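S.K.: Input: one structure, supplied below.
The values are calculated or read from the model by the stated rules, or taken from the named source; none is laboratory data. Keep in mind the model is a prediction, meaning the values are calculated, not measured. Here the Cβ positions follow ideal geometry from the backbone for every residue, glycine too, while neighbour counts run over all protein chains shown.
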Amino acid sequence: MSSKVAYFINQYPKISHAFIRREILALERRGLVTRSRSNDDARVLIEAWRTATRVRNAVVLTRGRASDAMPTDPRSLAAVARAMGYPAGHSQQLLEDYRRVTRRARATYERVFFA
């Protein structure tokens, strides 16, 4: 059984797209990475990557340091939601949107890479 590898780089612009493409193509040539079978799968994973990146950037803007976790305290969560363009008082909508996107990405990832 062959291993499959999927990874996202969320440190843009530190790593160039050309570097990422070269790395993925090298892994494909070795048979370690397979492309998604559908454009829908790719869209789901891209949307999740963009959402996670936007959340991470908003956390950096509001807290002054990087974190890969969604804030748990209401004030920080509200600040992140506002930085992402949500209206005041809609931080729960941010959580719902984030959970929806990440659930879909997890299901797609499991199906594509472990089915």
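S.K.: If you scan the stretch 55-77, which residues turn out to be surrounded by 17 or more Cβ atoms within 10 Å (Cβ to Cβ) and assigned to a helix (DSSP H, G or I)?
M.R.: V55, R56, A58, V59, T62, L77, listed by residue number.
S.K.: Ok, one more. Within the stretch 78-103, can you find the residues that are closer than 24 Å to V44 by Cα and either touching a Leu at 6+ places or on another chain (Cβ under 9 Å) or not in a helix (DSSP H, G or I) (or both)?
M.R.: V80, A81, A83, M84, G85, Y86, H90, S91, Q92, L94, L95
S.K.: Right, here's the next one. Examine the stretch 4-15 for a residue that is modelled with pLDDT of 75 or more, closer than 27 Å to F114 by Cα, surrounded by 13 or more Cβ atoms within 10 Å (Cβ to Cβ) and within 19 Å of the chain's Cα centre (by Cα), and state whether such a residue exists.
M.R.: no
S.K.: Just to be sure, is R50 modelled with pLDDT of 85 or more, within 21 Å of F113 (Cα to Cα), within 16 Å of the chain's Cα centre (by Cα) and loosely packed, with under 14 Cβ neighbours inside 10 Å?
M.R.: yes
S.K.: Quick check: anything in the stretch 34-44 modelled with pLDDT of 95 or more and surrounded by fewer than 12 Cβ atoms within 10 Å (Cβ to Cβ)?
M.R.: Checking the stretch 34-44: not a single residue is modelled with pLDDT of 95 or more and surrounded by fewer than 12 Cβ atoms within 10 Å (Cβ to Cβ).
S.K.: Report every pair of residues separated by at least 6 positions or lying on different chains whose Cβ atoms are under 7 Å apart, first residue within the stretch 66-89 and in the same structural domain as R56 (by TED's automatic domain parsing), second exposed (fewer than 10 other Cβ atoms within 10 Å of the Cβ).
M.R.: R82/A88
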